[in-house]
Each structure stands twice: as C-alpha cells, then as structure tokens.
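Derivation of every value follows stated rules applied to the coordinates shown; laboratory data play no part. A quick note: this is a predicted structure, and the numbers were derived from the prediction, not measured. So basically every Cβ, Gly included, is an ideal-geometry build from the backbone, and we count neighbours across all protein chains shown.
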Ligand SMILES: Cc1cc2nc3c(=O)[nH]c(=O)nc-3n(C[C@H](O)[C@H](O)[C@H](O)COP(=O)(O)OP(=O)(O)OC[C@H]3O[C@@H](n4cnc5c(N)ncnc54)[C@H](O)[C@@H]3O)c2cc1C
C-alpha cells in the first residue's frame, strides 16, 4: 500500500496500532486532537487476550514494572457483604489463557506504549491536530487536519484508521451512525492511596461488589501503592454514597473515605454492520463502544490493532475486508454480552438472590471456562 498509515486518535487503540505497524516495518502518522497526551483515566484491567499481544509487541518487561497480577477475583453480595465466590486467577490464569491477568493505571500503559513507539521509530505523532474530514483518493486517503495552534492542512496517506473513540468522526466515512445512546448509567471513578482502603478489600485481588442497581469494583494500580475504585449505577444518583447507602459497612466506609470522584457518563452502541469502508477502518471505541461490564474496551482495541496491523502488512488484496471478517462477530458479541452482564450485575430482589445462589453453587472451573471466549482468544494469522 502506497503512503503511510494515517491514524486519528492517540488513545490505547491508536497507540497500539502505531506500535504494531512499526513492529512490522510500516510507518504511520498519528494525529491526536488533545494538545498533550496527558496521563488521564484511572485503572484498567488487562486480560490475557490483550496482555499476550502487548507482550508480543515487546511490552512484557514494561508491563511487569507497572502492573499487578491479581491472585483472584472476589465477588461479594453488596447488601450483606457476604463473599459469593472467589475465582482464582494468578498463575492459573497464565497457564489457562497463556498470559497473566494484569491490572494497572491507564496512564502507565499509555506511557509504556509511547516509550516503545519512540524507541521503534517509524511513527510521527502530531498533537493538537483534530481530524475534521476525510476521503478516499485514487490511490489512498486524504484527511483535513485543524491545528490547535491555528490553521489547517490536508495530509495524504495510504489508508486511514479511525481510533478516535466514542464520538468518532471517522464513522461518517464508514457510513455508520455517529450518535451515541445514553445508558442511564454513570461511573464514578477514583484512585486513592492503598492505605486508605478498609481492610475488607484485599489488594492482592480484584473485588467486585454487586448491589441492586449498582456495583463497585476495586483493584490495585501502581503496583499496589494505589487502589482503583469504580462505582457504576443510576446516572441520576447524587454520587456513590447514595448508590451504596444500603450496602455493608466496608463499601460505605470506602466511599465515606471521600476519594475525589470523577463522574463518567456511560454510553455504548448496538453492534454495527461493518468496521471499514474502502481504505478507511475503525478500531477501538470508534468501532465498538461498549458498557464496561466485561472490562474489555481497551482489550478489544488492542486486539483490533494487532489484527489490522498484521493484515495490512500482509500481501492480501483487501486487508480491510479481511480485518472486518476477522473482528465483526467477536466485537458484536462483546458489546451484546457487556449489556447483558451489566443487567445481571445490577439485579435486585428475587432475581439477585437467584443470581447469587447460582454464583455460589457454580464450580470455580466452570466460571473460568465461561471466560475462555474472551481471554483465550488468539489472532488466527
Ligand atoms: C468506568 C470504565 C472502566 C473501564 N475499565 C476497563 C478495563 O478495566 N479494561 C478495559 O479493557 N477497558 C476498560 N474500559 C474501556 C476503555 O477505557 C476504552 O474502551 C478504551 O480506552 C478505548 O480506547 P480508544 O483508544 O478506542 O478510545 P479513547 O481512549 O477514547 O481515545 C480516542 C482518542 O482520539 C482522540 N480524538 C477524538 N476525536 C479526534 C479527532 N477528530 N481527531 C484527532 N483525535 C481525536 C481523543 O482525544 C482520544 O485521545 C473502561 C471504561 C470505563 C468508562
């Protein structure tokens, strides 16, 4: 393909794609609207399907330096504080799925990707550069960029990847709706010193509290020095304290410890019919925005990037059609399952009792097996 890849967006999707292309000797130019790649976000769970790809891109040692490998996921009934299940991960996850389950801070992951990109070369990053419009040309693509410092330019390249997130403008060129649906849910996110956590929360684990209409997730970041806390529930609530008012003491104590919450309205989309049009392809949230109930948004962005880079670097006639064939059903399943999981997590009354009983009775191995389709995925190439 003539000309460099053009990438709109420097989130996890865009950065991983740039690195994956560079590793295959393909140059790219990445345009990021923000004037700086700031250390934003909170924690991110990096499951084996994504970790395996980052390891293959050479990030294994960097991940070991910044991430924790939780020993287990504990699921707790929020009103009673009773633990329903402890699913062992740790070395078992690595054996079963071929890579560790990791938890880390998104900013640390972004920094590791940037460092690897700088070392690899072949990627030109322009900040404060907003993609406004795009079109296919006779032998590639052209994009219109508006610079934050004023002025604009038209840039030509071989193809375009829209890694521009939930409110992607590249979706226009792929003839997909750009509107996002409200989920009526909001996430309140905070990162706090590990020492501020009530002792009920084990920093060697991912802890999930399930309450009626809301849930809480706690896990270590920054190698256990800090805890990532997320409460997700009705977006009309005043805050986590209201959502957890009837929960057992440890959750209320954690919330009362008063971390600085960042509210985060949640949106998703139903699955789309395509992921590309001609030489313009979508990766990450731009393609498959999902509710975070499976913790796979970044993971699937990383998968997209690996598959797309491999296909573009191959000699096949239409790598973008092949990319879509490889990814479409999987990303649709993730979006659909994420909605379903969110409903299950937020059940109340008798339905919640039935869920809890089923969880408590389920053999741990069966619960791990249920995750195989996500964590055990491998690129077929
Ligand atoms: C509460 C919560 C918890 C989550 N937890 C997890 C988890 O544990 N594990 C997991 O895998 N995922 C998780 N996710 C999802 C994950 O954070 C996202 O799916 C992922 O970060 C999306 O990455 P992206 O690169 O596709 O998009 P983004 O991170 O949104 O990046 C898009 C980039 O494009 C830029 N941009 C936008 N428009 C333009 C333009 N026109 N021109 C140039 N640049 C542009 C933006 O500035 C941005 O930098 C969670 C999400 C939430 C809300």
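Under the definition of Cα pairs under 8 Å and six or more residues apart, what whole-number percent is the relative contact order of the chain? Dividing the mean separation by the residue count of the chain yields 22 percent. Give me the base-10 log of I(q)/I(0) for region 1-101 at each q in 0.10, 0.19 Å⁻¹, Debye formula, one uniform scatterer per Cα, rounded to two decimals. For region 1-101 at q = 0.10, 0.19 Å⁻¹, log10 I(q)/I(0) is -0.43, -1.03. Between residue 369 and residue 330, the modelled labels are 2.3 nm apart [label points 7 Å from Cα along Cα→Cβ]. Across region 167-233, the mean sequence separation of Cα contacts (distance under 8 Å, 6 or more residues apart), normalised by length, yields a relative contact order of 32 percent. Put simply, the convex hull of the Cα atoms in region 76-155 casts, on average, a shadow of 11.5 nm².
The convex hull of the Cα atoms of the chain, projected and averaged over all directions, covers 18.0 nm². With neighbours defined as other Cβ atoms within 10 Å of a residue's Cβ, the residues 264, 159 order from fewest to most as 264, 159. With the highest mean first, a sort of the peptides 192-204, 50-62, 96-108, 251-263 on other beta-carbon atoms found within 10 angstrom per residue produces 96-108, 50-62, 251-263, 192-204.
For residue 315 and residue 195, calculate 0.36 nm times their separation in residues minus their Cα-Cα distance, and state this gained length in nm to one decimal.
This chain segment gains 37.8 nm when fully extended.
Hydrodynamic estimate: the Kirkwood radius of region 229-381 over Cα pairs, inserted into Stokes-Einstein at 37 °C and 0.692 mPa s, corresponds to D of 180 µm²/s.
Label positions at residue 351 and residue 118, each projected 7 Å from the Cα along the C-beta direction, are separated by 5.0 nm. With contacts taken as Cα pairs under 8 Å and at least 6 residues apart, region 258-375 reaches a relative contact order of 27 percent. Volume of the convex hull of region 153-231 (Cα atoms only), normalised per residue: 184 Å³.
In terms of the mean number of neighbouring beta-carbon atoms within 10 Å, the peptides 117-125, 356-364 order highest first as 117-125, 356-364. Over all orientations, region 32-89 has a Cα convex hull whose mean projected area works out to 6.6 square nanometres.
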